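Chemist: Below you'll find the structure I mean.
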Amino acid sequence: MNVACLGYGVVGQGVVELLKKDDRFKVIWILVKDLKECDLPEATTDVQQILKDNEVDMVIEMMGGIEFPYFCISESLKRGKHVVTSNKAVLQAHYRELIELAEKNHVSLGMEASVCGGIPWITTLLNQNQTGEIDRVEGIFNGTTNYILDRMHAEHLDFDEILKDAQRLGYAESDPSDDIDGKDSLRKLMISSSIAFKTVTDMDSFTSESLRKIKKYDIEAFERKGLRCRYIASAQKEGDCYTGSVEPTLFKSTDVQATIKLNNNLALLNHSALGTLQLIGQGAGRYPTANAVVQDVVQIYGHRDMMPQMNQVLSAQPSMQNCRLYVRASNDAMNEILPWIEEKEGLSGWTKSITQQEKKELIARMMNLDSDFFYAIIK
């Protein structure tokens, strides 16, 4: 099978390396921005050479961004070329269209590496959908935020100090907003829940809370209760409705979620026949992500068509489940929500069990009173 690789960064180099060790595949093109990036004879800066080459059976997109990768993916599918992509942003923005394009042109669209790169998460969702229904997906989908939280608990350092360390070590981008404000996890949750629930979920319907306001003070308050914080993406299906969120969430220190170390990921599903299944592993990196890409390549080569289904019509609505919150704010702000507080300790408190509507009202009121307000869900 002849393959063209779009992008030759950290993951792209790993993919090319793995494919060149496998006699079933021949890399005939590598798209780069500048020929100085790659001294291999397959390198080109002209994507049209790849799109117009009828010898190309499969295109692997690993460039990042949205507009140009979307053009490359959609044009490849239209020309009858299989596509494998690790690009969660493109998939989130054009999920339905790209799947329909693949089906219309009788080719496959692989996306294993788009969520939890080193964990066979997408394949697991697709497989389990063959034997029953999935009504919940949940996980630590972002390694950067887990690295920060794990070290905050281990070393009792401030958020900004550990973030700088994560940037220095390459675990966080120079602009970490997508990670710490939840956009990366929201995209991954949208893809995961769409596959799990056999529909197209709307990322804009999910709620989210940034992690950037967490303090050492909060970590110490959690630990006095025997709890640890993780940044959790979660979506549930109830009847013909779904709901989703990305929020700081508190677990008992013995719970699996609380034990996930450094930049590792956790992915969890709840299945009608299987019950709860949890997968743990690396979520990023050259070889974990490259391995996920090559998994898709091998699946497509073996004619194992595992395309997501979109045969369910679901509507978004807030979850009806009650919850408890940890909240921290100024004294004045805390005094405004005392009717909801079960236990107060300095600038922090633990709420009674409240409805989702009460939670929404509480958060809105606190945000108006104190821009530094922080909350976490208690599991």
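Throughout, read-outs are computed from the coordinates displayed, never taken from laboratory work. Not measured: the values here are computed from a predicted model. A quick note on method: Cβ atoms are made from the backbone with ideal geometry, for glycine too, and the neighbour counts reach across all protein chains shown.
Chemist: What number comes out for the charge environment of Asn2, summing +1 per Lys or Arg and -1 per Asp or Glu over other residues with Cβ under 9 Å away?
Modeler: Computed value for this residue: -2.
Chemist: In nm, to one decimal, how far is the modelled label at Glu220 from the one at Glu161, with both set 7 Å along Cα→Cβ?
Modeler: So the two model labels end up 1.2 nm from each other.
Chemist: Structure shown: which of Lys183/Lys216; Lys81/Lys237; Lys104/Lys261; Lys225/Lys261; Lys20/Lys183; Lys88/Lys213 lie over 32 Å apart, alpha-carbon to alpha-carbon?
Modeler: Distance filter (> 32 Å) returns Lys81/Lys237; Lys104/Lys261; Lys20/Lys183.
Chemist: Sticking with this structure for a sec: When the Cα centres of the range 1-50 and the range 317-375 are compared, how far apart do they sit, in Å?
Modeler: So the two Cα centres are separated by 52 Å.
Chemist: Calculate how steeply helix 88-104 sits against the longest principal axis of the alpha-carbon atoms of the chain, using the helix alpha-carbon long axis, and give the answer as 0 to 90 degrees to the nearest 10.
Modeler: Value to nearest ten degrees: 50.
Chemist: I need the shape label for the range 120-282. Rule: rounded when a/c is under 1.5, else prolate if a/b > b/c, else oblate, with a, b, c from the alpha carbon gyration tensor.
Modeler: prolate
Chemist: With contacts defined as alpha carbon pairs under 8 Å and 6 or more residues apart, what's the relative contact order of the range 321-379 in percent?
Modeler: 50 percent
Chemist: Just want to confirm a number: the relative contact order over the range 2-110, from Cα pairs under 8 angstrom separated by 6+ residues, in percent.
Modeler: 24 percent
Chemist: Something else: Which order do Lys81, Lys164, Lys225 fall in if you start with the one that has the fewest other Cβ atoms within 10 Å?
Modeler: Lys164, Lys225, Lys81
Chemist: Still on this structure, please answer the following. In what sequence do Ser330, Ser108 fall when counting other Cβ within 10 Å, fewest first?
Modeler: With the fewest neighbours first, Ser330, Ser108 line up as Ser330, Ser108.
Chemist: Let me ask something additional. Measure nothing but the geometry: give the 0 to 90° angle between the long axis through the Cα atoms of 10-20 and the longest principal axis through the Cα atoms of the chain, rounded to 10°.
Modeler: The angle comes out at about 40 degrees.
Chemist: Test of understanding: in a Gaussian network model of the chain with alpha carbons linked when under 10 Å, which of Asn291, Asn87, Asn335 would top the mean-square fluctuation ranking?
Modeler: In this elastic network of the chain, the residue with the biggest mean-square fluctuation among Asn291, Asn87, Asn335 is Asn335.
Chemist: Based on the Kirkwood radius over alpha-carbon pairs, what value in µm²/s does the Stokes-Einstein equation return for the translational diffusion coefficient of the range 2-110 at 25 °C and 0.890 mPa s?
Modeler: 178 µm²/s
Chemist: Between 0 and 90 degrees, rounded to the nearest ten: what's the tilt of helix 67-78 against the longest Cα principal axis of the chain?
Modeler: With both axes taken from Cα atoms, the answer is about 50 degrees.
Chemist: Can you give the log10 of the normalised intensity I(q)/I(0) at q = 0.14, 0.26, 0.28 Å⁻¹, computed with Debye over equal Cα scatterers of the range 321-379?
Modeler: -0.30, -1.11, -1.29
Chemist: What is the sum of charges, Lys and Arg at +1 and Asp and Glu at -1, for the other residues whose Cβ falls under 10 Å from the Cβ of Ala196?
Modeler: Net of charged neighbours comes to +1.
Chemist: Turning to a different aspect of this structure: Any aspartates and glutamates with Cα under 16 Å of the Lys344 Cα? List them, leaving off those in the same chain fewer than 8 positions away.
Modeler: Asp218, Glu220, Glu223, Asp332, Glu336
Chemist: How would you rank Glu100, Glu358, Glu343, going from fewest to most other Cβ atoms within 10 Å of each one's own Cβ?
Modeler: Fewest-to-most ranking of Glu100, Glu358, Glu343: Glu343, Glu100, Glu358.
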